[in-house]
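Just below is one structure, and these are the notes that go with it.
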Amino acid sequence: MNKALTPILAVAAIGGAAFGILQMNARSSAEAAAAERDQRLSNLEKSVRDALDAANKAKDELATERENVARLMKERDDARAQSKAVAEVAPADPANPGAGGDQKQQFDVRNILGNIAKGLDDPEQRKAMKSVNQQMIGSVYDKVFKQIGLNENDSKLVTEILGERNFIAMDKGRKLLSGKNDDASVAQVRKEIEATKTEYDGKVRAVIGEEKFRELTTYEQTIADRRAVDGLSRAFERKGQPLDETQKEKLTSIMVEERMKAPSNEIPDLGGGPGMQVLMSDAEAKALQAQEEALQQRVAARAAQAGLTPDQVNTLIESQKRMNDMKTMGRTFGRAFLMPK
C-alpha cells in the first residue's frame, strides 16, 4: 500500500469510529428521550386516571352528603311540625300539665315522638345523627381540647367516645317513649344513664390521664354556665348595658367557681334543654332548683368583682330569673309528654 495513503486511511478509520460513536450516542439519546417521553406519558395517564378516580369519589361523596342534607332537612321540618303540635296541646298552666290540654291529643303527640324515636333504629338515620352529634361535640369541646393540650388524634378519639356515650344515653332515654313510663321506669333509666356516664368517664380518663380528665370534667359541668354568659350578654345589650370582654371573662370565672362548689355528674345537654331534669322526680327537681337559685344569688353578690355596675347587676338578676322560668317550663312540658297524666 502506498505509504502516502496510510495517514489518510488512519484518519478515515478514526473518523468512521467517531461517526459510529456519534451514531451510538445519538441512538442512545433517542432511546433515552423515547423512554423519558414514554414515562411522561405513563405519568400523565396515571394522573388522569387518579383525577378521574378522585372526581368519581368526590361525586359519590357529594351524592351521599346531599342525601344526608335532605334527610336532616326532613328531620328538621318534622321537628318543627312536632314543635307546633306540642305548642298547640301545651297545658295552659305549666304547674299543672293536665289542666289545659286535651289528654288524647297529648298522648297522640307522645306517640308521634315515640315513632320519631323509633326511626333512629334505621341504620342510615343513626349514621346521620351520629355524624351531627360528633360535629356538635367537636365544636363545643374544641376550646377545652386545645386548653388541656390534646393532640389531633386524642381530640378525635375523645370526641368519638363522648359521641358514643351521648348516643347510648339517648337510646336508653328514648325507650320511655315507646315502653313503660311510670316513676319506677324513669328512675331506672336515669340510673342506667348515670352508669353509662361512669363507664365512659373511665374510657376518656384512660386516653388523656387523670389531670386532663379533671379539667375536661370541669368544662363539661360548666358548659351551661359558659353558654349562659352569651345569653346574658344579649340581655345586657337590649337594656343598653353591654358587657365588655373583660366583664364577660370575669363573670364566667365567677359562675364556674360557684358551680364547682357543688358539681354534678350529669351528661350536659348540648341542645340547651332541661336534659336529665326530665328524669328527676318532682322533689328532686325542686331541690335542684333551690340549689340553682342559691348559686345564682352567690354569683349576683359577686358580680361587682367582675366590674358590673348596679344597673347591670339588676339586669343579671332579672335574666337569671327568666332563665329559671324557662328551664322549669321545659322540664314541665318534657314530663307531660313523657308521663302523660
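The values are calculated or read from the model by the stated rules, or taken from the named source; none is laboratory data. The structure presented is a predicted model; accordingly, all values stated were derived computationally and were not measured. Here the Cβ is made from the backbone with ideal geometry for all residues, glycine too, and neighbour counts use every protein chain on show.
For this structure, a couple of remarks:
Listed here are the residues, each with its yes/no results for (1) touching a residue at least 12 places away in the same chain (Cβ under 8 Å); (2) out of contact with any strand residue (DSSP E or B) (no Cβ under 6 Å at 6 or more places or on another chain); (3) of a type outside the set (Gly, Ala, Ser).
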position	(1), (2), (3)
Asp230	no, yes, yes
Arg234	no, yes, yes
Glu237	no, yes, yes
Leu243	yes, yes, yes
Thr246	yes, yes, yes
Asp282	no, yes, yes
Glu292	yes, yes, yes
Ala301	no, yes, no
Gln305	yes, yes, yes
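- So Glu220, is it in a helix (DSSP H, G or I) and within 30 Å of Gln312 (Cα to Cα): yes
- Residue in segment 311-334 that is closer than 30 Å to Gln134 by Cα, within 26 Å of the chain's Cα centre (by Cα), surrounded by fewer than 18 Cβ atoms within 10 Å (Cβ to Cβ) and at pLDDT 90 or above present: no
- The set of residues from segment 209-228 being free of Cβ contacts under 8 Å to residues at least 60 places away in the same chain and under 18 Å from Met255 (Cβ atoms) comprises Thr217, Thr218, Glu220, Gln221, Thr222, Ala224, Asp225, Arg226, Arg227.
- Some residue of segment 256-272 being crowded, with 19+ Cβ neighbours inside 10 Å and more than 23 Å from Thr196 (Cβ to Cβ): yes
- Checked against the criteria, Glu192 counts as within 19 Å of Arg335 (Cα to Cα), at pLDDT 85 or above and either in the same structural domain as Met326 (by TED's automatic domain parsing) or not polar (S, T, N, Q) (or both).
- Filtering segment 231-252 for residues that are under 28 Å from Met170 (Cβ atoms) and either surrounded by fewer than 18 Cβ atoms within 10 Å (Cβ to Cβ) or not assigned by TED's automatic domain parsing to the domain that holds Thr196 (or both) leaves a non-empty set.
- Condition check for Asp230: not in a helix (DSSP H, G or I) and not small (Gly, Ala, Ser): no
- Any chance Met276 is within 31 Å of the chain's Cα centre (by Cα), at pLDDT below 95 and closer than 20 Å to Asp225 by Cα: yes
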